[in-house]
Amino acid sequence: DDKSIPLARSAADKLLGGLLPEGFDEKSCRSRYESYLYRRNPGRRPSPHLVARLRMHEELQRRCGPNTESYNRAVQRLRDGGAAEADAHSPDDEQCKYVVSISYRGLGNRILAAASAFLYAVLTGRVLLVDPSNEMDELFCEPFPGTTWLLPRDFPLASSYANFSADTAESYGNMLKNKVLGTDGSTDGDMPAAQMPAFAYLHLDHDYGDGDKMFFCDDDQRLLSNIQWLVMRTDTYIVPSLFLVTTFQDELDALFPERDAVFHHLGRYLFHPANHVWGLVARYYRAYLATARQLVGVQVRVFDHRQAKSPHVVLEQITSCAWKEKLLPEVLDAVEDAAMPTPPTTPHGGSNNSKAVLITSLRPWFYERIKAMYWERATATGEDVSVHQPSHEEYQHFGEKSHDGKAWAEMYLLSLCDVLVTSGWSTFGYVAQGLGGLRPWVMYKPVNITAVPDPPCGRDVSMEPCFHSPPFYDCKTKRGVDTGTILPHVRHCDDVSWGLKLV
Ligand code: GDP
């Protein structure tokens, strides 16, 4: 990706071009200021406007976050159901509004959800608070200096929001349907603050309905701006559709002049592995990957049970992709090998002519085959190829501690590679490519599971994650529309044809 000036590797770039704030205790979160030493691709430079907005936002998080007077009053108002006396509103409280991001589904989903909620928080001047469950409190460092982004465990809705669904009465869609709220004049969009509900639940999950989807319309954003607490559930990256909301467009353009690097910056700003996870990343990198001339990351995610039964097809897809795109050298058969002149290698000269492959997968099977292949056979180029896989957890465990720590470490290790081959559809791969600033080669889901797709993989149009369940609605004409054709930089994804991504 040579679209912009990359960051230079200097001490100043410890802060990633001003993206990261100063003033944290470095030992409490070593990854924040050490990771640049491990990155071969320094990544994109954030815009001055993004840097300035982040510093302003940090100030908001400190002023309104947990353990402040404003937070306590806002929570009290939520307990009281929003019906506070008008004169009880201090001017300060008027300025403190919140968006709570529910932690839901796999780690990749949770990271994309938190990044989406954060961008929405910045655009709407709200404080972001993250549901600490599912280990969100243990896997990551605090992103904002001098405060916490974790929702306190005694939050009034804490015992109920885990069960919020499309059916919840307080969902935005249901409140519209039941005329508790309205943008059409039936209940005025500018109804007095005291009559507004204390909170609204934003159901932005894959099964959301037409009412919930109105979230992506300007009038609805105006209405929502009067509600102090918003509780958001999503399992995907809603950002591409935020770019279609007119009210947000000028600000988004200023924040992200490079639209293909939105998650790249949000992710590098927000998600720093906690020390125990950073230990997994740094030790593994130094022990197995650091000396290789080139690092090729291969993320294998097999979603289809039928496909899992024919792993040979997936293996062939990986090797044919890597060979066709010249990411890895081909191997010779015994006859070719015998006919090759012996290349002038020394037993110690390995590192400047070597490639390391980092495989991540729930199973060890692909790793074992690829490793054996590069041991048993010589390569056509004479390069040495070492093959590594940190863990094989066999299946997706839910709510188990070391499991998510390993998953996070592996996503991060993938992001340190020079090139990436990913499995389409996987949010695990999206996070790695975004953090790494890498436009991956994506292995498509085969239509016919018994044959390798042709081509086996393709270069993604950008490093951005794909929004898997975007709305197809035009807020102005109030009709269905293909939202992938409205703006040149919001397009359909290659891996999920109806999805949307920024390019
Ligand atoms: P997605 O399902 O591929 O979109 O990715 P998610 O990260 O949301 O959910 C998959 C979960 O399965 C991860 O969070 C991990 O817990 C686990 N998982 C999937 N692939 C791997 C892998 O390669 N390594 C490890 N350690 N865990 C994985």
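A compact table of results
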item	result
Sequence-separation-based contact order of the stretch 11-270, relative, with Cα cut under 8 Å and 6+ spacing, percent	24
Cβ-defined net charge surrounding Leu252, 15 Å radius [Lys, Arg +1; Asp, Glu -1]	-4
Difference of contour (0.36 nm per residue) and Cα-Cα distance, Thr124 to Ala52	24.4 nm
Share antiparallel - DSSP beta bridges, the chain, percent rounded to 5	25
Three principal axis lengths of the chain [C-alpha, angstrom, descending]	88, 49, 41
Estimated distance in nm for a label pair at Lys14 and Lys476, the labels positioned 7 Å out from Cα along Cα-to-Cβ	4.9
Sequence-distant residues sharing a close amide H with Val127 (under 5 Å, placed H)	Lys97, Tyr98, Val99
Straight-distance crosslink candidates among lysines, where the alpha carbon sits under 22 Å from Lys177 and sequence neighbours closer than 8 are dropped	Lys213, Lys476, Lys478
Residue-count net charge about Met443 - beta-carbon cut-off 13 Å; Lys, Arg +1, Asp, Glu -1	-3
Cα principal axis extents for the stretch 11-270, largest first, Å	57, 36, 33
Within straight-line cross-link reach of Lys27, aspartates and glutamates at Cα separation under 19 Å, skipping those fewer than 8 residues along the same chain	Asp13, Asp137, Glu138, Glu142
Amide H partners (placed H, <5 Å) of Leu150, local residues excluded	Val130
The stretch 342-465, Cα convex hull volume normalised per residue, Å³	149
Relative packing of peptides 404-411, 310-317, 29-36 - highest average C-beta neighbours within 10 Å first	404-411, 29-36, 310-317
Reach of Lys326 by Cα under 27 Å, taken over lysines that are not fewer than 8 positions away in the same chain	Lys3, Lys355, Lys371, Lys445, Lys501
In nm, spacing of pseudo-spin labels at Asp80 and Asp337 (7 Å Cα→C-beta vector)	7.9
222 nm mean residue ellipticity, helices alone, for the chain (DSSP H n ≥ 4; -39,500 (n - 2.57); rounded to 500)	-9500 deg cm²/dmol
Value of relative contact order over the chain, rounded to a whole percent, pairs C-alpha under 8 Å and six or more apart	17
Difference of contour (0.36 nm per residue) and Cα-Cα distance, Glu69 to Thr485	145.1 nm
Total formal charge among the other residues, if their Cβ is under 13 angstrom from that of Tyr288, Lys/Arg +1 and Asp/Glu -1	+3
Exposure ranking of Glu142, Glu58 by accessible area [1.4 Å probe, largest first]	Glu142, Glu58
Phi-based couplings in Hz for the stretch 111-123 (Karplus 6.51, -1.76, 1.60; Gly and Pro marked x)	5, 5, 5, 5, 5, 5, 5, 5, 4, 4, 4, 5, 5
Longest to shortest principal axis, alpha-carbon extents of the stretch 432-501, angstrom	43, 31, 17
Euclidean distance of C-alpha centroids, the stretch 425-503 and the stretch 44-84, integer Å	32
Highest-first arrangement of 248-254, 262-268, where packing means the average Cβ count within 10 Å	262-268, 248-254
Point-charge dipole on Cβ atoms (K/R +1, D/E -1) for the chain, about Cα centre, debye to 20	940
Under-5 Å amide H pairs with Arg105, H placed in peptide plane, nonlocal only	none
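The values are calculated or read from the model by the stated rules, or taken from the named source; none is laboratory data. Note that the structure is predicted; figures quoted are calculated from it, not measured. For neighbour counting, all protein chains shown are included, and Cβ atoms are generated from backbone atoms with ideal geometry for every residue, glycine included. Heads up: the accessible areas ignore ligands, DNA and RNA and are worked out on the full protein's heavy atoms, side chains in. Shrake-Rupley method; radii C 1.70, N 1.55, O 1.52, S 1.80 Å.
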